[in-house]
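Asks: To start, I am sharing the structure in question, which I have written as structure tokens.
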Amino acid sequence: MVPPLSEAMLDVVADALVDKGYVLLSDIIPQEVSLALLAKMRAAAIWEFEPAAIGRGIDQQIDTKIRADKISWLDKKDAVDNDYLQLMEQLREGLNRRLFMGLFDYESHYAVYESGAFYRKHVDALKGSQNRILTTVFFLNPHWQTDHGGELIIYDEDDSQLETVPPRMGTMAIFMSERFPHEVRESFATRISIAGWFRVSHATHGF
Ligand code: OGA
Ligand code: MN
């Protein structure tokens, strides 16, 4: 069981999304939960993770010139994953209540960037595809050093650099999926993140 996200925290996220479309947070995930996620990843068999693909459905392909991370999807049947998913469920409900975003579900994966890995500049949702609406990225890297690189760079719609986010333990970035191109700079140490997407349902937004 996870403690509830505070109303104050949900207000901060909602207000930032209205004001500027993104927010960087350092205290949204309780430390017990991030430490459990980290412990799980330290014990994980990374070689069983899948090479991350780009595109969806039949267009999916693996292109290691674009991204070179390895991923594993969270599963609510796993107790540690479920705690994180519960928190994201609270975020989903809190944002829907405040902003009527119609967020319908959430999918997320762990991503491991081994030394030398990166993810070139991209957007998570193609304009008008009305699928991925809001992106979350959560970092699980204690003792991250500046020379480890691996920053998440967030650009604005005109492609100027808005934020340079070191992937430090406990940091979460939340941004509107189709508005913000972003990239993961080459990492020089093993870098672990959880990327996730709140989606709307085509059935209710198909007009
Ligand atoms: C993604 C992504 C960023 C990160 O998976 O789409 O942009 O820091 N991830 O893991
Ligand atoms: Mn992305």
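Asks: With Cβ to Cβ distances under 11 Å as the rule, what net charge do the other residues near GLY21 carry (K, R +1; D, E -1)? Walk me through the intermediate numbers first.
Replies: Working: positive: LYS20, ARG179; negative: ASP19, ASP156, GLU157, GLU178.
Within the 11 Å Cβ shell, the charges total -2.
Asks: How big is the charge dipole of the chain about its Cα centre, in debye rounded to the nearest 20, if each Lys and Arg gets +1 on its Cβ and each Asp and Glu gets -1 on its Cβ?
Replies: Details: 21 positive and 31 negative charges, 60 e Å.
Taking the Cα centre of the chain as origin, the dipole is about 280 debye.
Asks: Kindly rank 69-76, 57-64 from highest to lowest mean number of other beta carbons found within 10 Å of each residue. Walk me through the intermediate numbers first.
Replies: On the way: 69-76: 16.6, 57-64: 9.2.
Ranking, from highest mean packing down: 69-76, 57-64.
Asks: Once you put a point 7 Å from the Cα of SER160 and another 7 Å from the Cα of LYS40, both along the Cβ direction, what distance in nm separates them?
Replies: 4.0 nm
Asks: Give a quick list of GluC sites (Glu not before Pro) in segment 142-196 that DSSP marks as loop, anything other than H, G, I, E or B, with at most 15 other Cβ atoms within 10 Å.
Replies: Numbers: sites: GLU151, GLU157, GLU163, GLU178, GLU183, GLU186; in loops: GLU151, GLU157, GLU178, GLU186.
Passing both the DSSP loop test and the Cβ count: GLU157.
Asks: How much length is gained if the chain between ASP27 and PHE100 is pulled fully straight, taking 0.36 nm per residue apart and subtracting their Cα-Cα distance, in nm to one decimal? Working shown, then result.
Replies: Values: separation 73, 0.36 × 73 = 26.28 nm, distance 2.42 nm.
Once the chain is fully extended between ASP27 and PHE100, it gains 23.9 nm.
Asks: In the chain, how many lysine pairs have Cα atoms under 16 Å apart, counting only pairs 8 or more places apart or on different chains? Could you put the intermediate results ahead of the total?
Replies: Values: LYS40/LYS70; LYS40/LYS76; LYS40/LYS77; LYS65/LYS121.
Lysine pairs, 8 or more places apart or on different chains, close enough: 4.
Asks: I've got another one for you. Restricting things to Cα coordinates, could you compute the convex hull volume per residue of segment 1-87 in Å³?
Replies: Numbers: hull volume 13.6 nm³, N = 87.
Residue-normalised Cα hull volume stands at 157 Å³.
Asks: Sort 101-112, 15-26, 45-56 for me by packing, meaning the mean count of neighbouring Cβ atoms within 10 Å per residue, highest on top. Please report the intermediate quantities before stating the final value.
Replies: Details: 101-112: 18.1, 15-26: 14.9, 45-56: 12.4.
Ranking, from highest mean packing down: 101-112, 15-26, 45-56.
Asks: Which value does Rg/Rh take for segment 7-199 over its C-alpha atoms, Rh per Kirkwood? Don't skip to the end; give the middle numbers.
Replies: Details: Rg = 15.7 Å, Rh = 16.9 Å.
Rg/Rh for segment 7-199 comes to 0.93.
Asks: While we're looking at this one, here's another question. Hey, any idea what % of segment 7-199's accessible area is carbon plus sulfur with a 1.4 Å probe? Kindly include the intermediate steps, with their values, before the conclusion.
Replies: On the way: 4750 of 9370 Å².
So the carbon and sulfur contribution to the accessible surface is 51 percent.
Asks: Counting Lys +1, Arg +1, Asp -1, Glu -1, what net charge surrounds ILE46 among other residues with beta carbon under 15 Å of its beta carbon?
Replies: Overall, the nearby charge balance is 0.
The values are calculated or read from the model by the stated rules, or taken from the named source; none is laboratory data. Quick caveat: nothing in here was measured; it's all calculated off a predicted structure. A quick note on method: Cβ atoms are made from the backbone with ideal geometry, for glycine too, and the neighbour counts reach across all protein chains shown. Heads up: the accessible areas ignore ligands, DNA and RNA and are worked out on the full protein's heavy atoms, side chains in. Shrake-Rupley method; radii C 1.70, N 1.55, O 1.52, S 1.80 Å.
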